[in-house]
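One structure is given here, and the rest of the page talks about it.
The numbers here are math on the coordinates, done by the rules we state, and not lab data. All values derive from a computational prediction rather than experimental measurement. Methodologically, a virtual Cβ is constructed for each residue, glycine included, from the backbone with ideal geometry; neighbour enumeration extends over all protein chains shown.
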């Protein structure tokens, strides 16, 4: 893949496909990590005299303009981080975009409105996506792919547009790919994988692939209860995907045969009801119970203290760690201990630790950890998982051609 150093960008209109899909509370950005991640690429292009056109999706609008998913607040934050004006176009391929791009000066930056306000962006029809990609291509001379969080999508701006313009990868994607190769091709052992999140079905494919690569797999979050059920334990009101139990049992058997250690919770924090994440009100019936003694009327919402110690011990000798998915409902202080324990173990250790984007990356920042204590914090949870599953990512394949 070519990098931006291989392109002559001075005076050229450079279309940068970024991933600015940040969480919003109204118009307030609650985590600007993905904006900060693409700033080095944009700044380098600006310094080289490019006319920079930035585009991204945000949320899941239904193929038409929706004010709650506008990138307007992102334009303000991007300007602050770049230390220069950023023009905001109120459409993607319409009159506002054309006018804004037409007025760009060398070193100037335009942010287009949400790509997904156009149904063609994510259409499954090749011709529809292609026609939209043609309209995007008309705005630019060169293409730089730097939205790692979207490279697993076969969308117009990710997959079709690079075929229409000379293209290269940005600094972020180059870094992300190098990191993922260290997790798949150049692994320093012991290699420990920590998986959490709500649904075991979201992680089955990556577990399947990692059974031949990882030395140890730690399971937390809501998905842990399907594993506990697969071992014959009662899980009360905990999240449970009963249809996945046979697959989980098969993986546990394969792991034992392959010498891969599976580590499951030995105690959990439970409650009868899901906590109020808006008010963060105290949970009165919160208690710690053994993993084999979950009450029928309560569900697991976090790791217990013994499991926190166990997981920390299992991470202590690791040389490489990949972590994807929180260990509990970390947004509520009563159920953040498990996620905090994993983050702390990685921050204190000397392994090459990769936080696999999504909620895991958000948790690291929300819980106040220094990002420099981790080897790499990915901007793309889904893309990272699909890469580790061994899948071909459409956006990366398009940039290789």
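The table for this structure:
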{"item": "Label point distance in nm, residue 2-residue 81, each placed 7 Å from Cα along Cα→Cβ", "result": "2.6"}
{"item": "Spatial extent of the stretch 138-297: Rg and Dmax, with the Cα atoms as the point set, Å", "result": "20.9, 63"}
{"item": "Neighbour-count order for 278, 181, 154, 199, fewest beta carbons within 10 angstrom listed first", "result": "278, 181, 199, 154"}
{"item": "Extension reserve of the residue 10-residue 182 stretch, reckoned as 0.36 nm per residue once the Cα distance is removed", "result": "58.6 nm"}
{"item": "For the stretch 32-184: span of alpha carbons on each principal axis (Å, largest first)", "result": "39, 35, 31"}
{"item": "Mean residue ellipticity (222 nm) of the chain, computed from DSSP H runs ≥ 4 via -39,500 (n - 2.57), nearest 500", "result": "-10000 deg cm²/dmol"}
{"item": "Protection-proxy order for peptides 46-59, 360-373, each taking the mean of Cβ atoms within 10 Å per residue, highest first", "result": "46-59, 360-373"}
{"item": "Relative contact order (percent, whole number), the chain, Cα cutoff 8 Å, 6+ residue spacing", "result": "16"}
{"item": "Among 157-163, 333-339, the order from most to least packed when residues are scored by Cβ within 10 Å on average", "result": "157-163, 333-339"}
{"item": "Distance between the stretch 66-126 and the stretch 177-232 - C-alpha centres, whole angstrom", "result": "37"}
{"item": "Coordinate range along principal axes, alpha carbons of the stretch 1-94, Å, largest first", "result": "38, 27, 26"}
{"item": "The chain: Cα Rg divided by the 2.2 N^0.38 Å rule of thumb", "result": "1.04"}
{"item": "Most to least packed among 252-258, 214-220 [average Cβ atoms within 10 Å]", "result": "214-220, 252-258"}
{"item": "Pairwise label distance in nanometres, residue 95 with residue 367, each label 7 Å out on the Cα-Cβ vector", "result": "5.1"}
{"item": "Extended-chain gain in nm, criterion 0.36 nm per residue less alpha-carbon gap, residue 245 and residue 309", "result": "20.4 nm"}
{"item": "Net lengthening on full extension, residue 205/residue 278 (0.36 nm per residue, minus Cα-Cα)", "result": "23.0 nm"}
{"item": "Cβ-based exposure ranking for 177, 9, in which fewest neighbours within 10 Å come first", "result": "177, 9"}
{"item": "Relative contact order [Cα under 8 Å, 6+ residues apart], the stretch 333-393, whole percent", "result": "33"}
{"item": "C-alpha center-to-center spacing [the stretch 306-385, the stretch 1-44] in angstrom", "result": "25"}
{"item": "Rounded if a/c under 1.5, otherwise prolate or oblate - the stretch 216-374, Cα gyration tensor axes", "result": "oblate"}
